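*Asks:* Structure provided below as structure tokens; questions to follow.
The values are calculated or read from the model by the stated rules, or taken from the named source; none is laboratory data. It should be emphasised that the depicted structure is a prediction, and the values quoted were computed from it without experimental measurement. No Cβ is skipped: glycine too gets one built from the backbone with ideal geometry, and neighbour counts run over all protein chains shown.
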């Protein structure tokens, strides 16, 4: 459907359960989640706060393990209850609040991956990074430090830092969360361009439904704790997409569909939160 | 968080967090260093072996703690620390506030402060002895100097870092200058005052100890120095440990008071 | 896409052009404002009070203290009555001796303290074993070590350097450790995502991430080094500014006390300024920070 002709980067999540057990408190974060993400798909996960979206992402990235089930990448199991995944450059995360190294310039950040992996010499990496920064319209800030550029720039640099690697899947954890609507729309356009060009699988977490439909090929709605997959909605809006999509009839129908699925969960999560604070 | 209704559970949690692996490693490390220390003293290792062995220290301690002289040293040092420290707060807080609130006063006073501050407090000992009529007064003065600069600078920093929005918000509620001082400036400066006090207390003990060694005939610092001069070496270590405990007690009191004074800074 | 990409570029160029001009402008504004005059007035006021209390009116108690005129006359005299002035080589001998001691102690403390702190922050097991020892020793004021230091080391010189070292070492180690702890976990995760090996994480995340705290630590370390040095020299020194102060007190050569105090203050200030300068040079990313 929106396969882009990619052959690598398919993720299969089978019956994954994750129980957090900090000091006796038994929290079921993920409950028997199964999801197949074909290679090259832009898969968006939506759900209320605390529904285990980030838990799932962390398990794929290798930041923590799972209690049962299995996650495999291109048919190779990478995460099982016995052995958590090893973080690696085939699955790069774009973090919620950004994780560009402030002690490096934009260029030094982007060449970080290829250089430490020993895949390129520094000169080669600079060339590759220059090309990617150029494609993204970021060449002008290559020698700026991270503290000198805007938050929108930072997100784009972070994506560039990921894309310069030989990655299979890009994991994005609410990357545009704290942004104003205008910046966000620029970011969305940028990400869509990157996606259309690079044919990489993207695993994108958000709780912004409009963002989810606008960007995603499939929207996966998760339930509040325990995190289960409630509904998977195919977004059959053709690519390349632009702002026109937001005014289309189909977009509104899909939004209604997702909204209905999410609303109930949001209310449950809110009430659970209220109780937690009481 | 919910300790009251799940008492047994939270007790278990407490146990878990204190008696975890890090705690045991710490205990092992301390015991190992004590054994090494004893061993070093027994076989006369160079440098470290010169430190009186823990067994010798323990022996001296058992007789020393029953002497009035030992406890009087505690009292004298505490009195000096307390007097100097309190004086530093009494004078330092208004000076800091004044400098923080009035630009003119700050411009006038800051250079003096900056010229005097880099001089180590102990360099003042002779001048202080010359100036003050009694040794006690000169000790207290040097102690005062140690804490004074820290207090002033911390208050100054605290006042100048107050978020202007608080003051604007107070103004929009119709607050007078007096209200702003008592209800905004003072509480907003409290955290940095507490920081300054904690740091100042540490410096105060450093200064008192050295000043007592250099120019006094009483106090824990003198006790330590005299033991060295008299060749009663294990008492040196007792003196050091006593000073450490005294300093720790003082800092804990300051921390406790700071916590009480700034309840809004507690992290839940 | 062109507009946002052009913006920071423009900013960067703009910043370069205006940096110098802005500085000149600020300087002009500063000269025009009452601030510099008040600052000078403050210092003059201080000198005046000192002069009047000690030399002009000779107030009780104050008259015993050396006044500014006596101090400056002695300091600038080609033939000083107490033997210390800018024309006397012995003055510089004291300065150099003190500076050498601080330099040795500070250098050693940095060479040992920074790696130790980094390692403690990086490897939890190592920290679990070493930190409690550090925490047990730290409440003891450094100056309480004076007698023990003299006892431990065969030579006075070594004792003084050891004492100075000890104070600097604790400050450096602790701040370096805090620096490593201050690094956001997300940077470690990002580094691992990008395929770092442990050594990359150490050299490219731990070290640069801890650098701001390390330099704060080095500044504190320099301060406490001078602080301890003075005490050590007063009690056990031969030569050095602390010794000079104490010796002048014993020999009733009071103006020299003030000369030595001011000299100490100046050198102490200059050494802290030097560290700040090096820190700013190494942490351009921190210095150039602007509000996001």
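*Asks:* When you scan segment A:59-141 for helices (runs of 4 or more DSSP H) that lie fully inside it, which ones turn up with 1 or more residues that are surrounded by fewer than 22 Cβ atoms within 10 Å (Cβ to Cβ), more than 8 Å from chain C (Cβ to nearest Cβ) and in contact (Cβ under 8 Å) with a residue 24 or more places away in the chain?
*Replies:* Details: elements: A:106-110, A:112-117, A:122-135.
Correct list: A:106-110, A:122-135.
*Asks:* Another question, if that's okay. Give the residue, chosen from C:171, C:144, C:109, that is within 12 Å of chain B (Cβ to nearest Cβ), under 20 Å from residue C:208 (Cα atoms) and either in contact with a strand residue (DSSP E or B) (Cβ under 6 Å, 6 or more places away or on another chain) or surrounded by 20 or more Cβ atoms within 10 Å (Cβ to Cβ) (or both). Steps first, answer last, please.
*Replies:* Details: C:144 fails: under 20 Å from residue C:208 (Cα atoms); C:109 fails: within 12 Å of chain B (Cβ to nearest Cβ).
It is C:171.
*Asks:* Filter segment B:238-267 down to residues that are under 17 Å from residue B:193 (Cβ atoms) and in contact with a helix residue (DSSP H, G or I) (Cβ under 7 Å, 6 or more places away or on another chain) and give me whichever is nearest to the other protein chains (Cβ to nearest Cβ).
*Replies:* Selected residue: B:251.
*Asks:* Further question on the same structure: For residues in segment A:176-205 being over 24 Å from residue A:6 (Cα atoms) and touching a helix residue (DSSP H, G or I) at 6+ places or on another chain (Cβ under 8 Å), which is modelled with the lowest pLDDT? Step through it out loud before you land on a result.
*Replies:* Filtering segment A:176-205 down to residues over 24 Å from residue A:6 (Cα atoms) leaves A:176-186.
Next cut, touching a helix residue (DSSP H, G or I) at 6+ places or on another chain (Cβ under 8 Å) only: A:176, A:178-179, A:183-186.
Working: A:176: 89, A:178: 80, A:179: 86, A:183: 87, A:184: 88, A:185: 87, A:186: 88.
Per the stated criteria, the residue is A:178.
*Asks:* Checking the conditions here, which among C:74, C:104, C:55, C:63 is touching a residue at least 40 places away in the same chain (Cβ under 8 Å), outside the structural domain of residue C:266 (by TED's automatic domain parsing) and not in a loop (DSSP other than H, G, I, E, B)? It would help to see each step written out before you state the result.
*Replies:* Values: C:104 fails: outside the structural domain of residue C:266 (by TED's automatic domain parsing); C:55 fails: touching a residue at least 40 places away in the same chain (Cβ under 8 Å); C:63 fails: touching a residue at least 40 places away in the same chain (Cβ under 8 Å).
Exactly one residue qualifies, and that residue is C:74.
*Asks:* Moving on to the next point. Here is a check on your reading of the model: is residue C:102 in contact with a helix residue (DSSP H, G or I) (Cβ under 7 Å, 6 or more places away or on another chain), surrounded by 15 or more Cβ atoms within 10 Å (Cβ to Cβ), at pLDDT 90 or above and farther than 25 Å from residue B:240 by Cα?
*Replies:* Details: in contact with a helix residue (DSSP H, G or I) (Cβ under 7 Å, 6 or more places away or on another chain): yes; surrounded by 15 or more Cβ atoms within 10 Å (Cβ to Cβ): yes; at pLDDT 90 or above: yes; farther than 25 Å from residue B:240 by Cα: no.
No: the conditions fail for residue C:102.
*Asks:* Please specify each residue of segment B:117-155 satisfying the condition of being closer than 19 Å to residue B:91 by Cα, within 10 Å of chain C (Cβ to nearest Cβ) and within 21 Å of the chain's Cα centre (by Cα).
*Replies:* B:117, B:121, B:124, B:146
*Asks:* If I go through segment A:247-263 residue by residue, how many of them are surrounded by 14 or more Cβ atoms within 10 Å (Cβ to Cβ) and at pLDDT below 85?
*Replies:* 2
*Asks:* Further question: Run residue A:261 past the list (1) free of Cβ contacts under 8 Å to residues at least 40 places away in the same chain; (2) over 30 Å from residue C:186 (Cα atoms); (3) in a helix (DSSP H, G or I) and report the number of the one that doesn't hold.
*Replies:* Of (1) free of Cβ contacts under 8 Å to residues at least 40 places away in the same chain; (2) over 30 Å from residue C:186 (Cα atoms); (3) in a helix (DSSP H, G or I), only one is false for residue A:261: (1).
*Asks:* A follow-up question, please. With (1) over 21 Å from residue C:197 (Cα atoms); (2) touching a residue at least 60 places away in the same chain (Cβ under 8 Å); (3) out of contact with any helix residue (DSSP H, G or I) (no Cβ under 7 Å at 6 or more places or on another chain) as the list, and residue A:162 as the residue in question, which single condition is left unmet?
*Replies:* Failed condition: (1).
*Asks:* In contact with a helix residue (DSSP H, G or I) (Cβ under 9 Å, 6 or more places away or on another chain) and assigned to a helix (DSSP H, G or I): which single residue out of C:270, C:231 fits that description? Quick ask: steps written out before the conclusion?
*Replies:* Details: C:270 fails: in contact with a helix residue (DSSP H, G or I) (Cβ under 9 Å, 6 or more places away or on another chain).
Residue meeting the stated conditions: C:231.
The rows are residues; the columns are (1) without any contact (Cβ under 8 Å) to a residue 12 or more places away in the chain; (2) over 21 Å from the mean Cα position of the chain (by Cα).
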{"site": "C:127", "(1), (2)": "no, yes"}
{"site": "C:136", "(1), (2)": "yes, yes"}
{"site": "C:143", "(1), (2)": "no, no"}
{"site": "C:149", "(1), (2)": "no, yes"}
{"site": "C:190", "(1), (2)": "yes, yes"}
{"site": "C:201", "(1), (2)": "no, yes"}
{"site": "C:230", "(1), (2)": "no, no"}
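*Asks:* Test each condition in (1) crowded, with 20+ Cβ neighbours inside 10 Å; (2) more than 24 Å from residue C:286 (Cα to Cα) for residue A:149 and report the one that comes out false.
*Replies:* (2)
*Asks:* Among the listed residues C:195, C:121, identify the single one that is part of a loop (DSSP other than H, G, I, E, B), under 28 Å from residue A:93 (Cα atoms) and in contact with a helix residue (DSSP H, G or I) (Cβ under 8 Å, 6 or more places away or on another chain). If you could, list the steps in order and put the result at the bottom.
*Replies:* Numbers: C:121 fails: part of a loop (DSSP other than H, G, I, E, B).
On inspection, the qualifying residue turns out to be C:195.
*Asks:* Now a separate question. Return a yes/no flag: does segment A:215-229 have any residue that is out of contact with any helix residue (DSSP H, G or I) (no Cβ under 6 Å at 6 or more places or on another chain) and surrounded by fewer than 13 Cβ atoms within 10 Å (Cβ to Cβ).
*Replies:* No, every residue in segment A:215-229 fails to be out of contact with any helix residue (DSSP H, G or I) (no Cβ under 6 Å at 6 or more places or on another chain) and surrounded by fewer than 13 Cβ atoms within 10 Å (Cβ to Cβ).
*Asks:* Since residue B:92 meets every condition but one in (1) buried (at least 16 other Cβ atoms within 10 Å of the Cβ); (2) more than 14 Å from chain C (Cβ to nearest Cβ); (3) without any contact (Cβ under 8 Å) to a residue 24 or more places away in the chain, which condition does it not meet?
*Replies:* Here residue B:92 clears every test but (3).
*Asks:* It is to be established whether one or more residues within segment C:57-70 are surrounded by 16 or more Cβ atoms within 10 Å (Cβ to Cβ), more than 14 Å from chain B (Cβ to nearest Cβ) and in contact with a helix residue (DSSP H, G or I) (Cβ under 8 Å, 6 or more places away or on another chain). Break it down into steps so the answer makes sense when it comes.
*Replies:* Step one: list which residues in segment C:57-70 are surrounded by 16 or more Cβ atoms within 10 Å (Cβ to Cβ), which gives C:62, C:65-68, C:70.
Still in the running and more than 14 Å from chain B (Cβ to nearest Cβ): none.
Scanning segment C:57-70, I find no residue that is surrounded by 16 or more Cβ atoms within 10 Å (Cβ to Cβ), more than 14 Å from chain B (Cβ to nearest Cβ) and in contact with a helix residue (DSSP H, G or I) (Cβ under 8 Å, 6 or more places away or on another chain), so the answer is no.
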